[in-house]
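This report refers to the structure that appears directly beneath it.
The values are calculated or read from the model by the stated rules, or taken from the named source; none is laboratory data. This one's a predicted model, so the numbers in the text were calculated from it and none came from an experiment. As a convention, Cβ positions derive from the backbone with ideal geometry for all residues, glycine included, and neighbour counts pool all protein chains shown. In case anyone asks, the SASA skips ligands and DNA or RNA and just uses the protein heavy atoms, side chains included. Shrake-Rupley method; radii C 1.70, N 1.55, O 1.52, S 1.80 Å.
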Amino acid sequence: MKSQTERPVKRPQKQRTTRTNKPKRYNKQTARVEARRDGKPLIFGWGKHLSHVEKVKIQRSATWTVAGIFGFLIVGTILAFWISINIIIPGQPITSVNGHQIPQSQYRKMVALKTQLELNKLYGKQGLGAQSNDLTKQDAAQLKTINDLTKQVDNLNKQIKALPTGSSQQRTGLENQLQSAKKQLSDAQAKHQSLTQQITNLNQNTIPLEKQSFTQSQVANDSVSWLQDDELIREWLTTQSPAIQSQINPTTAEVNKALNDLKASLPASTSYSNFLSQMNISNDDVINMLTVKVRRDKMQNYLGSKVVSPAYQVLSRTITTDTQAEANKIVQELKNGGDFGKIARKQSKDTTTASSGGSQGWLARGQYALNQNAAVVENWLFDPSRYIYELSPVLKENGSYHIAQIMGINPSHPIDPSMLQTLKYNALSNWLLEQKALPTTTITPVNQDKLLDPMNLPPTSVLPAGAPSSGQNVPGSGVPATGP
């Protein structure tokens, strides 16, 4: 039996068109824009022929090039500044001795050492302030002793007074005790008086004078002088025998001892590492500068040992004038037979010798230089070629003009004991005066700008521009100043 439901008639389906694999014929809009020439100039009318991409590349390259140049200039400026501060400027000379330059770097290190030496002298563990405090403690103990002995004497007097009249063993014993106590009291009072004088001298004279010299100007000038002097000492040593050189050149052990002494003398509130950091120097710098100090000390000891009595001395007289013309006129007058003594009494500007006809008396080596703080005349007087009655040419010294005459020569004349000790103590300073007065010695003036340049000096908190006032905190020590 057939189904009554009819099946739907299939209709023919349209055939779908197949897609072709041909490539698309379009590009992104941005690509066309970037490649297109816009006709606009890139810089100063140039670049109209370039595409957008090419212009961007050029702009980026230019930006990086300019940035690189600026970076190079910045780095170069910083490097040049560093080289200038750390190499060029420190290497510039502050003075020279016979052509040997003393660079600022060396001067700065010497100032650092000299500053700390002065701080140690004033405020160190064994410094003047510590000495004053120690003496004050001793005096306080002495006052207590005096008080106790005074009571003992009073008590013994009372006991003796209470005894029956007449001699007795007890009276004799008490009187002996009384005499002993009075002797102890007298000694204690004398010691107290001595301690008081020492304390007064320290607090009113020694310490204030030391503080007055603890300034930038004084320490700076002393430092550069030490370096100049060391050049003269080392030059002189090259002409001496190995035996003499060994007596003066410092050994490693001597320099190390000086270093240990420096450390031991530091103020209690500071340390060696703090000193190095504060002064911006190294341990090697300190050792090098201490070598200069030790050589200087040994030279003083060596020269002092050579000052003995009796010694070679000259008997001399001098005339001093204010101008070269006056001196020339006097020399001519003397050569024509003029009386040296009469001319000196009438025309010499040296008030200490004019009345005695210009007589200087017998002089040992260094004595005239010590009195005049110069050695041009001294060097002429003690030239081995001098002879009796020889008249000097005009000698310029300390801004004045001098004429000297030899009146006597004694190879072995005694020196007054007091003068002998003075000459020993000033042996190095006299020798340096003589060396500086030699015509072969050339020392250039110190550059004053470099001398007090803050870059070469410790901060004013350590080395004050002026002398510290009473009660002011000790620079670099953190303790109050000692003394008035």
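Across the stretch 264-276, computed HN-Hα scalar couplings (Karplus, 6.51 cos²θ - 1.76 cosθ + 1.60, θ = phi - 60°) run 5, 9, 4, x, 4, 8, 10, 9, 5, 5, 5, 4, 4 Hz from first to last residue, x flagging Gly and Pro. Residues within the reach of a label modelled at SER356 (point 7 angstrom out along Cα to beta-carbon, backbone nitrogen below 16 Å), restricted to the stretch 289-315, are 314-315. Based on Cα atoms of the stretch 301-356, Rg over Rh with Rh as the Kirkwood radius reads 1.19. Summarising the amide proton neighbourhood of GLN313: residues at separation of 5 or more, or on other chains, whose placed amide H is nearer than 5 Å comprise ASN410, SER412, HIS413.
Only protein heavy atoms count here; on that basis, with a 1.4 Å probe, VAL66 has an accessible area of about 70 Å². Stretching ALA325 away from GLN179 to a fully extended chain increases their span by 44.9 nm, per 0.36 nm per residue minus the current alpha-carbon distance. Computed from backbone phi with θ = phi - 60° and the Karplus coefficients 6.51, -1.76 and 1.60, the 3J(HN,Hα) list for the stretch 92-99 is 6, x, 9, 6, 8, 10, 6, x Hz; x is used for glycine and proline.
Between the listed residues TRP380, GLY337, GLN435, the Cα displaced farthest toward the positive end of the dipole of the stretch 337-461, a dipole computed from Cβ unit charges relative to the Cα centre, is found at GLY337. Derived scalar couplings between HN and Hα for the stretch 316-328 equal 9, 9, 9, 10, 10, 10, 8, 10, 5, 5, 4, 5, 4 Hz in order, rounded to whole Hz, by the Karplus curve 6.51 cos²θ - 1.76 cosθ + 1.60 (θ = phi - 60°), x for Gly and Pro. Think of each Lys and Arg Cβ as +1 and each Asp and Glu Cβ as -1; about the Cα centre, that makes the dipole of the stretch 318-440 roughly 80 debye. For GLN360, the residues whose modelled amide H falls within less than 5 Å of its own, excluding neighbours fewer than 5 places apart on the same chain, are SER316, ARG317, THR318. Note on HIS402: accessible area is roughly 10 Å² with a 1.4 Å probe, heavy atoms of protein only.
The length gained on full extension between THR239 and GLN189, counted as 0.36 nm times the residue separation minus their Cα-Cα distance, comes to 12.3 nm. Over all Cα atoms in the stretch 284-408, the spread is summed up by Rg and Dmax: 18.0, 64 Å. Remark: spin-label model distance ASN274-ALA162 equals 5.8 nm, labels positioned 7 Å along the Cα→Cβ axis. Scoring 197-203, 362-368 by mean Cβ neighbours within 10 Å over their residues and listing the highest first yields 362-368, 197-203. Provide the FRET efficiency to the nearest 0.05 for the ILE69-SER461 pair, computing r from the beta carbons and using R0 = 60 Å. It comes to 0.90.
Per-residue extension of 0.36 nm, minus the Cα-Cα distance of TRP46 and LYS121, leaves a gain of 19.3 nm for this segment. When the pairs LYS121/LYS306; LYS396/LYS424; LYS109/LYS211; LYS137/LYS182 are compared against a 25 Å limit on Cα-Cα distance, LYS121/LYS306; LYS396/LYS424 fall above it.
Which value does Rg/Rh take for the stretch 122-213 over its C-alpha atoms, Rh per Kirkwood? Computed over Cα atoms, the ratio is 1.27.
The listed residues GLU390, GLU378, once ranked by accessible area (1.4 Å probe) with the largest placed first, stand as GLU390, GLU378.
Computed with every protein chain present, the accessible area of THR63 is close to 90 Å² [probe 1.4 Å].
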